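Please read the structure below before turning to the comments.
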Amino acid sequence: MIPNLFEKDLRGNESINGSRRLVEANNFGSSPNSHSNFSHSRNHPHNKSISVLESEDEHEKEREENENSFKRRGKNGIKTKVCSRGHWRPTEDAKLKELVAQFGPQNWNLIAHHLLGRSGKSCRLRWFNQLDPRINKRAFTEEEEFKLLTAHRAYGNKWALISRLFLGRTDNAVKNHWHV
């Protein structure tokens, strides 16, 4: 017997593990002029032009918010870009190394506060995937090649799990080496 995963509230919303969606009636036999949930749906063919316009307006607002959130006014009143978003520059790498030496590799939001335009998550990823001095960047040895082959046979593409078998190798480095 399959358990019922759906629960309905008073408005007719169904919830599955905390996510909610509007339940639309199955109105295949109803007339196009009926006032059912289906005929008022954004996905109904008669309402496509409205939903396209609404989604374009929403997209434009979202784009403007994203643009404005990464800019601030400098001393001269001109907007300057705050978020670097993109490749890390050598100066940013050097500053990140200094900050990790000063604060330790724990409080990434504090470190990001000192690196203009970088989030705590991007600082953490940059440190653990590229800058950490414990990372082994040398070519793979024949022993590591054999270990990688046997681990991949056993675990498949579970690179985080496989990378634990390689001292100083990141999951990304192991995955990239496999695909080369």
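Only the coordinates and a few stated rules stand behind these numbers; no lab work does. Predicted model only: the values in this text are computed from it and were never measured. Cβ atoms come from the backbone with ideal geometry, glycine included; neighbour counts cover every protein chain shown.
So here's what we get for this one:
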| quantity | calculated |
| --- | --- |
| Residue within the range 105-125 that is loosely packed, with under 14 Cβ neighbours inside 10 Å, among the polar types (S, T, N, Q) and closer than 20 Å to ASN176 by Cβ present | no |
| Residue tally, condition touching a residue at least 24 places away in the same chain (Cβ under 8 Å) and surrounded by fewer than 12 Cβ atoms within 10 Å (Cβ to Cβ), over the range 138-179 | 1 |
